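Chemist: Sharing a structure here in structure tokens format.
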Amino acid sequence: MLDHDKEAFDKAIRHHDRSVAAKGLTLWVGAEPTFTDRLSEAPEWLYEAEGGDKASRALGLLARLSQDLPHSLILRTLGRQYPGENLPRWNFGIYQRRDGAPVWSGPVDPTVGGLGSPESSFEGFLTILARRFEERDWGNIRFRCDDQPDWRIAFRLDALSPPENPAADVRLARPSLHTQAIPSEGLSDPLAAEGIYLISVYPMPGQKSKAEASDSRPMPQLELPAFPNVQAFLACLIEIGQAATEAGLNGLILAGYPPPVDRSIAWTTVTPDPAVIEINMAPSPNVEEFLGMARSLYPSAIDQGLSAYRFHYNGDVTDSGGGGQITFGGPAPEASPFFLKPWLLPNIIRYFNRHPALSYFFTPTCVGSSSQSPRPDERFRESFEELKLALDLLAMQDNCEPELLWASLAPFLTDASGNSHRSEINVEKLWNPNLIERGCLGLVEFRAFCMASSAETLTARAALFRAVIAMLAVQKDLTGLIDWGAELHKRFALPFFLKQDLLEILQDLSLAGLGLGKPIVERLVDDSDRILGQAELGGCRLSIKRALEFWPLVEASSGQDRGTSRLIDSSTTRIQVTLRPHSGSLADIRDWRVSSGKWRIPVRYEQDHAGPVLVFGLQYRLFMPWRGLHPTLGIQTPVELTFQQASTGETYRITLHDWKPEGGGYNGLPGVREESRRRRNERMVLETLGPNIELALVEPPPLATTDYGLDLRACPNRELV
């Protein structure tokens, strides 16, 4: 990014923050960007959550991030545990104070240079640590388990009396938290619930460090309990850090329960997900701070050989595969804008219903009811009708408590199986009593995002959605929901109509005093990675883009991620074709007839800021699935399109290949975007057939046509010209 472009973008972001602040709205923003190794085909970078060097690269990413955060704390805690997994996934985090005050001043984690220490230092650390707790009059209990070589120190932070005989309390000899499964009722610390905070210290074997390839001396790992609040946690860290420094430890691993967090703390974590490493960015009070964090994060990922996008062998570009959700809330649950302005969430549901671009423009290719982010109106018919009633009933409430808001709308913000995590507008952390520890945070997550390719693109999306929320927070919107019917998946599968809708949203923001500025808008509307090919035809510019596809569900079964695994038929693809006259004359595009084989393709004549344009969509089967729908339907590639100019008779044929036109394979994955673009370009072949070609075209069957194009799968006896 050039310096002058960066300066203009940063200026637009600062203007956005001022515009939102002028509305009197406190609206924090966080995100979950995901990165992958786009050059690897190892299981952990294609479909597995863990494995290989994924954990070490995550620690390397965290170490790079921590360089800009002096006196922050690296903590190795627990991630999620899904059905079928024996142990929780790893979860590494950076814990820092938002005011910049030090959190940690002791020996560092091996990933940022910590080394093993002599036995004498390790034993001295235990002695000094116990003494420091005694000096603080925290009612320490120090003991050594006879059957284990590790030391345990338990202390209290309240006036409750400690166990009379700590050595006989078997609970104080509990195994490491990292060696146990998370109970079905959720993670808890029974000792901490009684006011007993157990610290376990383990002499770990030699650890690899940043400074040396290996170190045979032990590296202590200290396992922390579940603290009741930030103040107690920070107080404990001071004692641990000073004891470790006094003992002369060269390094220390801090692990254990997830730490307490409030508005004074920024807690950023790195955890595994299938095919990616996921970063849960600490929420930011404004987008300028969000941008700064994103600009630290992306280079940190690149430094570990990780990427926000992936290339396919044929040059197609997709995101990392893990999405890039964006979350909004307040500095604390009680300060959530969704509670302070209870009409806000209903307004969002109504506005998103009217503007499908918010649901589809930033998503991966697969969208719809079987995707990771279905819209409420993509569920069952009766559910959509009940949602209308729910919104009307909420609008009648003078006082809407968080419990009522969540209970009224949460049943409609799920996928078809009832999974609240898979929803375009995810409210499972709004005020959900069923989600232990994380359910009542006042947060709303927007999931209809592929992973953004850069920090600026991610930030532009955050600014757009934040501006929309600020606009909708002003007053109640009583507009009824639109029943789009089939048009939702026909019209808005095409990027042209999505961009038109997005421009309408941007116009709404400008009228509301929340306009985003050109540098942000340019990032938002850029969909160049969708381009499959371009060409000049008889005074017109032809462009073919990858459109969206609503892949159907073949089968759902229980046992994975909250109850269901899903088999999707992804064998159908859709493209969008546009033809723009250089003259800017509508007559010059009405002069064209378009066909595929013997079938005439219905086209639309539209107008946008660039002038008139001919546009249509085309669906076809790309490959034969091992298990899917329509077993009698064969592969329909390569696709041939014929364009004939009526006034001149000139005829052109475009052949769109899914692979090399001459056959054969590619020599590895594309290494850079230029190579990816070159492979896409070579797959579109243009031929000039001459002015005297007779085309015996027929109208396709009604089942194959819509107002927005042709479905070749419903065209029998397909023959190519």
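Chemist: Looking at region 486-516, which of its residues are more than 29 Å from R680 (Cα to Cα), modelled with pLDDT of 95 or more and either among the small types (G, A, S) or assigned to a loop (DSSP other than H, G, I, E, B) (or both)?
Modeler: Result: S510, A512, G513, L514, G515, L516.
Chemist: Could you go through region 471-478 and let me know if any residue there is more than 30 Å from I302 (Cβ to Cβ), modelled with pLDDT of 95 or more, part of a helix (DSSP H, G or I) and not basic (K, R).
Modeler: Yes: one or more hits.
Chemist: Still on this structure, please answer the following. Name every residue in region 632-665 that is among the polar types (S, T, N, Q) and in contact (Cβ under 8 Å) with a residue 40 or more places away in the chain, in order of residue number.
Modeler: Q636, T642, Q644, Q645, S647, T648, T651
Chemist: If you don't mind, another one. For N280, which of the numbered conditions (1) in contact with a strand residue (DSSP E or B) (Cβ under 9 Å, 6 or more places away or on another chain); (2) at pLDDT below 95; (3) surrounded by fewer than 23 Cβ atoms within 10 Å (Cβ to Cβ) fails to hold?
Modeler: All conditions are met except number (2).
Chemist: Whether any residue in region 57-72 is within 15 Å of S300 (Cα to Cα), of a type in the set (D, E, K, R) and in a loop (DSSP other than H, G, I, E, B) is what I want to check.
Modeler: Yes: region 57-72 contains one or more residues that are within 15 Å of S300 (Cα to Cα), of a type in the set (D, E, K, R) and in a loop (DSSP other than H, G, I, E, B).
Chemist: When E135 is evaluated against the numbered criteria (1) among the charged types (D, E, K, R); (2) buried (at least 20 other Cβ atoms within 10 Å of the Cβ); (3) at pLDDT below 90, which criterion, by number, is the only one it fails?
Modeler: It is condition (2) that E135 fails.
Chemist: Residues L579, L586, L509: which one is in contact with a Lys or Arg (Cβ under 8 Å, 6 or more places away or on another chain) and aliphatic (A, V, I, L, M)?
Modeler: From the options L579, L586, L509, the qualifying one is L579.
Chemist: In region 204-258, how many residues are over 20 Å from L78 (Cα atoms), modelled with pLDDT of 90 or more and among the aliphatic types (A, V, I, L, M)?
Modeler: Qualifying residue count for the region: 6.
Chemist: Output the residues belonging to region 258-280 that are of a type in the set (G, A, S), under 22 Å from the mean Cα position of the chain (by Cα) and over 18 Å from L61 (Cβ atoms). Let's see the steps before the verdict.
Modeler: Here is the first cut: in region 258-280, the ones of a type in the set (G, A, S) are 264, 266, 275.
Within this subset, residues satisfying the condition of being under 22 Å from the mean Cα position of the chain (by Cα) are 266, 275.
Answer for region 258-280, where residues must be of a type in the set (G, A, S), under 22 Å from the mean Cα position of the chain (by Cα) and over 18 Å from L61 (Cβ atoms): there is none.
Chemist: Go over the candidates L443, L435 one by one and state the one that is surrounded by 15 or more Cβ atoms within 10 Å (Cβ to Cβ) and within 18 Å of the chain's Cα centre (by Cα).
Modeler: After ruling out the rest, the residue left standing is L443.
Chemist: Output the residues belonging to region 299-349 that are assigned to a helix (DSSP H, G or I), within 26 Å of G60 (Cβ to Cβ), touching a residue at least 60 places away in the same chain (Cβ under 8 Å) and among the aliphatic types (A, V, I, L, M).
Modeler: Taking region 299-349 as the starting set, the residues that turn out to be assigned to a helix (DSSP H, G or I) are 299-303, 333-335, 337-340, 344-349.
Adding the requirement that they be within 26 Å of G60 (Cβ to Cβ) leaves 299-303.
Among the residues that remain, those that are also touching a residue at least 60 places away in the same chain (Cβ under 8 Å) are: 299-301, 303.
Within region 299-349, A301 is the sole residue that qualifies.
Chemist: Which pairs have Cβ atoms under 6 Å, sit 6 or more apart or on different chains, and link a residue in region 689-706 that is in a helix (DSSP H, G or I) to one that is surrounded by 10 or more Cβ atoms within 10 Å (Cβ to Cβ)?
Modeler: Correct list of pairs: L703/A714; A704/L710; A704/D711; A704/A714; A704/C715.
Chemist: Any residue that is out of contact with any helix residue (DSSP H, G or I) (no Cβ under 8 Å at 6 or more places or on another chain) and in a helix (DSSP H, G or I) - is there at least one of those in region 443-459?
Modeler: no
Chemist: Inspect all residues belonging to region 479-492 and state whether any of them is out of contact with any helix residue (DSSP H, G or I) (no Cβ under 6 Å at 6 or more places or on another chain) and of a type in the set (S, T, N, Q).
Modeler: So far as region 479-492 goes, no, none of its residues is out of contact with any helix residue (DSSP H, G or I) (no Cβ under 6 Å at 6 or more places or on another chain) and of a type in the set (S, T, N, Q).
Chemist: Among the residues of region 357-371 satisfying the criterion of being in contact with a Phe, Trp or Tyr (Cβ under 7 Å, 6 or more places away or on another chain) and not hydroxyl-bearing (S, T, Y), which is farthest from A486 (Cα to Cα)? Show your work before the answer.
Modeler: Going residue by residue through region 357-371, those that are in contact with a Phe, Trp or Tyr (Cβ under 7 Å, 6 or more places away or on another chain) are 358-360, 362-363, 366-368, 370.
Next, only the ones that are not hydroxyl-bearing (S, T, Y) stay: 358, 362, 366-368.
Details: L358: 18, F362: 21, C366: 17, V367: 14, G368: 12 Å.
My answer is F362.
For (1) surrounded by fewer than 20 Cβ atoms within 10 Å (Cβ to Cβ); (2) within 17 Å of I279 (Cβ to Cβ), each residue gets a yes or a no:
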position	(1), (2)
E44	no, yes
G52	yes, no
Q67	yes, yes
G79	no, yes
E85	yes, no
I94	no, yes
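Chemist: Can you find even one residue in region 612-631 that is in contact (Cβ under 8 Å) with a residue 24 or more places away in the chain, in the same structural domain as E650 (by TED's automatic domain parsing), charged (D, E, K, R) and closer than 24 Å to Q500 by Cα?
Modeler: no
Chemist: Sticking with this one: In region 376-398, is there at least one residue being in contact with a Lys or Arg (Cβ under 7 Å, 6 or more places away or on another chain), within 12 Å of D477 (Cβ to Cβ) and surrounded by fewer than 17 Cβ atoms within 10 Å (Cβ to Cβ)?
Modeler: Yes: one or more hits.
Chemist: With the condition kept exactly as written, say whether any residue in region 35-50 is among the hydroxyl-bearing types (S, T, Y), under 24 Å from A226 (Cβ atoms) and modelled with pLDDT of 95 or more.
Modeler: No, region 35-50 has no match at all.
Chemist: Of these, S383, S369, which one is over 14 Å from the mean Cα position of the chain (by Cα) and part of a loop (DSSP other than H, G, I, E, B)?
Modeler: Every option except S369 fails the conditions.
Chemist: Identify all residues within region 87-111 that are touching a residue at least 60 places away in the same chain (Cβ under 8 Å), out of contact with any Ser or Thr (no Cβ under 6 Å at 6 or more places or on another chain) and either assigned to a helix (DSSP H, G or I) or among the aliphatic types (A, V, I, L, M) (or both); write none if there are none.
Modeler: The answer is L87, V108, T111.
Chemist: Scan region 645-665 and tell me whether some residue there is at pLDDT below 95, surrounded by 15 or more Cβ atoms within 10 Å (Cβ to Cβ) and in a strand (DSSP E or B).
Modeler: yes
Chemist: Is there a residue in region 259-273 that is crowded, with 22+ Cβ neighbours inside 10 Å and not in a strand (DSSP E or B)?
Modeler: no
Chemist: Go through region 565-610 and give me each residue that's farther than 21 Å from P716 by Cα, modelled with pLDDT of 95 or more, surrounded by fewer than 21 Cβ atoms within 10 Å (Cβ to Cβ) and in contact with a Pro (Cβ under 8 Å, 6 or more places away or on another chain).
Modeler: Matches in region 565-610: R580, Y605, E606.
Chemist: Taking region 26-42 as the search range and keeping residues that are surrounded by fewer than 22 Cβ atoms within 10 Å (Cβ to Cβ) and of a type in the set (S, T, N, Q), which one is nearest to G329 (Cα to Cα)?
Modeler: If we take residues in region 26-42 being surrounded by fewer than 22 Cβ atoms within 10 Å (Cβ to Cβ) and of a type in the set (S, T, N, Q), then T26 is nearest to G329 (Cα to Cα).
The values are calculated or read from the model by the stated rules, or taken from the named source; none is laboratory data. Bear in mind the structure is a predicted one, so any value in this text is a computation, not a measurement. No Cβ is skipped: glycine too gets one built from the backbone with ideal geometry, and neighbour counts run over all protein chains shown.
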